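Participant: Can you keep this structure in mind? I'll have questions shortly.
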Protein chains: 2
Amino acid sequence: MLELWELAGRDDVRFSTFSWRTRMALCHKGLNFNAHPVAVSDKQAIAFSGQTKVPIVKASDRVICDSWEIAVFLEREFPDRPSLFGGAAGEQLAYFFNLWTDREIVPGLVPYLMFDVLDCVDEPDQRHLRGQIEGIFNKPLEELYSEREKALQLLGKKLAPVRKMLVRAPFLGGVAPAYADYILFGTLQWARVVSEVQVFAPDDALSDWFSRLLDLYGGVGRSERARGERNREAAE
Amino acid sequence: MLELWELAGRDDVRFSTFSWRTRMALCHKGLNFNAHPVAVSDKQAIAFSGQTKVPIVKASDRVICDSWEIAVFLEREFPDRPSLFGGAAGEQLAYFFNLWTDREIVPGLVPYLMFDVLDCVDEPDQRHLRGQIEGIFNKPLEELYSEREKALQLLGKKLAPVRKMLVRAPFLGGVAPAYADYILFGTLQWARVVSEVQVFAPDDALSDWFSRLLDLYGGVGRSERARGERNREAAE
């Protein structure tokens, strides 16, 4: 049995962009795993890994950190399970897509909705996240949040090449999902779980694709409730 | 035998960014082809294709336009030859890399060195290219050329993810070259053929990779002489 350490907020909400990449990769490989929730600021819980970030995967006595390194590890360690990359060329280009997403998409979305995360986490994590993002952008989270409409428009343009991929095939991996799908899914799932803000319109091709991703592996993505669902339930 | 129509300048210089992608793809597949030079402004020569751009490939009675569509055609038509994409996931992500290169790299380099192309082509083509680029940028080619140092610095930053790929493997296709390599190669080969400007430093990992690409298939890329070589010969 594999072990996964991933971020969790109040009421065990699982919202980590990067942990969702790993979760989907584990499901893609059909591997069972125990998921351990870790609070954002609880660095003690993951001190065993020798670093301060999740996701972390433990397999027997091996500890692997960083979502990309975990994907490569799973591909090498379980070659007889469905491939995450579909070969060497696919792996190199999935790495490129990972870098592109981390450079263009994550910073083009996450800071602008981070204000929404504050009431998904406990007080020490609120301070931690506020300090982290405000330190990078030199602006209060509230101000970044007020810029979200403009940020979302820019994000929509940056995602244009992904829309074009979806004209060719239903997944970024082609006819079947692959790790590239999970890379982008992680960030959009983060947005779905932490915020009611609509990242793309319902008639956007990305919306259909995202829905297909939420349905995979028994609906593991959908089983994590959206912020909107949680809010409606709390209001009842 | 396949037929290829591609741009050519004065003294038969072959400098097209997109035609080099196709040339390398044809060599990768081990296919023989007749290459027909076409002047930039000679739209009559390719009127048979029903459109105005090269590269164009003709196979028996089929005419295929657009370098990406040609690559897909070659992959489908010659499945027993070495694969350009390495499978469905690799093909989707190569398409993404093609879009990224066309959005970020081609416009980040080509306009700034276009002034150098003027004395590689005849007078009608000079007028055509000047009109085209100056129409888009609303600046004389000379002014764009004067901004080249800044543009090259920005390009160097945009290529950072490609450098990271080359830490993992010698080619963008992994241990062996694939179509993704030819996508980027085409633009850098264009720069090498039309300009003496150094796009990257000799100690840049991209320089080693580019050199490996020039050596492929009996040195087909290297056999097209660099602008520097032609200039030195003319000076002798």
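The values are calculated or read from the model by the stated rules, or taken from the named source; none is laboratory data. The structure displayed is predicted, hence computed values, not measured ones. Backbone-built Cβ (ideal geometry, glycine too); neighbour counts: all protein chains shown. Accessible surface is based on the protein model in full, side chains and every heavy atom, while ligands, DNA and RNA are left aside. Shrake-Rupley method; radii C 1.70, N 1.55, O 1.52, S 1.80 Å.
Participant: Please go through (1) in contact (Cβ under 8 Å) with a residue 60 or more places away in the chain; (2) buried (at least 23 other Cβ atoms within 10 Å of the Cβ); (3) part of a loop (DSSP other than H, G, I, E, B) for residue A:40 and return the number of the only condition it doesn't satisfy.
Facilitator: (2)
Participant: Another one. Conditions first: (1) aliphatic (A, V, I, L, M); (2) surrounded by fewer than 24 Cβ atoms within 10 Å (Cβ to Cβ); (3) in contact with an Asp or Glu (Cβ under 8 Å, 6 or more places away or on another chain); (4) without any contact (Cβ under 8 Å) to a residue 60 or more places away in the chain. Residue B:46 passes all but one, so which condition is the exception?
Facilitator: Condition (3) is where residue B:46 drops out.
Participant: Then there is this: Does the range A:192-215 include one or more residues that are open to solvent by 60 Å² or more (accessible area, probe 1.4 Å), within 14 Å of chain B (Cβ to nearest Cβ), assigned to a helix (DSSP H, G or I) and among the charged types (D, E, K, R)?
Facilitator: Of the range A:192-215, the ones open to solvent by 60 Å² or more (accessible area, probe 1.4 Å) are A:196, A:198, A:202-203, A:208, A:212, A:215.
Then keep just the ones that are within 14 Å of chain B (Cβ to nearest Cβ); that gives none.
No, that holds for no residue.
Participant: Starting from the range B:85-96, take each residue that is at the interface with chain A (Cβ under 7 Å from one of its Cβ atoms) and list its partners that are among the β-branched types (Val, Ile, Thr) and open to solvent by less than 10 Å² (accessible area, probe 1.4 Å), counting only C-beta distances under 9 angstrom and pairs at least six apart or across chains.
Facilitator: Final answer for the pair search is B:94/B:183; B:96/A:162.
Participant: Quick check on my filter: what residues within the range A:131-147 are of a type outside the set (A, V, I, L, M) and over 19 Å from the mean Cα position of the chain (by Cα)?
Facilitator: So in the range A:131-147, the residues of a type outside the set (A, V, I, L, M) come out as A:131-132, A:134-135, A:137-140, A:142-143, A:145-147.
Within the range A:131-147, A:131, A:134, A:135, A:137, A:138, A:139, A:140, A:142, A:143, A:145, A:146, A:147 meet the criteria.
Participant: Being more than 8 Å from every other protein chain (Cβ to nearest Cβ) and either assigned to a helix (DSSP H, G or I) or in contact with a strand residue (DSSP E or B) (Cβ under 7 Å, 6 or more places away or on another chain) (or both) is the filter here, so list the residues in the range B:165-178 that pass it. Step through it out loud before you land on a result.
Facilitator: Keep residues of the range B:165-178 that are more than 8 Å from every other protein chain (Cβ to nearest Cβ), which gives B:166-167, B:170, B:177.
Across the range B:165-178, the qualifying residues are B:166, B:167, B:177.
Participant: Hey, another quick one. Among the residues of the range A:134-164, which ones are of a type in the set (A, V, I, L, M) and either closer than 29 Å to residue A:204 by Cα or touching a Phe, Trp or Tyr at 6+ places or on another chain (Cβ under 6 Å) (or both)? Step through it out loud before you land on a result.
Facilitator: Looking only at the range A:134-164, we keep the residues that are of a type in the set (A, V, I, L, M), and these are A:136, A:141, A:144, A:151-152, A:154-155, A:159-160, A:162.
Once the filter is applied, which keeps residues that are of a type in the set (A, V, I, L, M) and either closer than 29 Å to residue A:204 by Cα or touching a Phe, Trp or Tyr at 6+ places or on another chain (Cβ under 6 Å) (or both), the range A:134-164 yields A:141, A:144, A:151, A:152, A:154, A:155, A:159, A:160, A:162.
Participant: Select from the range B:80-90 the residues that are open to solvent by 20 Å² or more (accessible area, probe 1.4 Å) and under 17 Å from residue B:176 (Cβ atoms) and list them in ascending order.
Facilitator: Listed by number, the residues that qualify are B:80, B:81, B:82, B:83, B:86, B:87.
Participant: Considering every residue within the range B:160-168, establish whether at least one is farther than 30 Å from residue A:85 by Cα and open to solvent by less than 50 Å² (accessible area, probe 1.4 Å).
Facilitator: Residues of the range B:160-168 that are farther than 30 Å from residue A:85 by Cα, as a first pass: none.
There is no residue in the range B:160-168 that is farther than 30 Å from residue A:85 by Cα and open to solvent by less than 50 Å² (accessible area, probe 1.4 Å).
Participant: Looking only at the range A:62-84, filter to residues that are over 20 Å from the mean Cα position of the chain (by Cα) and of a type outside the set (D, E, K, R); which one of those is nearest to the other protein chains (Cβ to nearest Cβ)? Write out each step before concluding.
Facilitator: Step one: list which residues in the range A:62-84 are over 20 Å from the mean Cα position of the chain (by Cα), which gives A:62-63, A:76-82.
Imposing the further condition that a residue be of a type outside the set (D, E, K, R) reduces the set to A:63, A:78-79, A:82.
Numbers: A:63: 21, A:78: 17, A:79: 15, A:82: 11 Å.
Top of the filtered list is A:82.
Participant: Sort through A:109, A:99, A:166 and tell me the only one that's over 25 Å from residue A:215 (Cα atoms), aliphatic (A, V, I, L, M) and at pLDDT 95 or above.
Facilitator: Details: A:109 fails: over 25 Å from residue A:215 (Cα atoms); A:166 fails: over 25 Å from residue A:215 (Cα atoms).
The match here is A:99.
Participant: While we're on this one: Only one of (1) open to solvent by 10 Å² or more (accessible area, probe 1.4 Å); (2) touching a residue at least 40 places away in the same chain (Cβ under 8 Å) fails for residue B:101. Which number is that?
Facilitator: Every listed condition holds for residue B:101 apart from (1).
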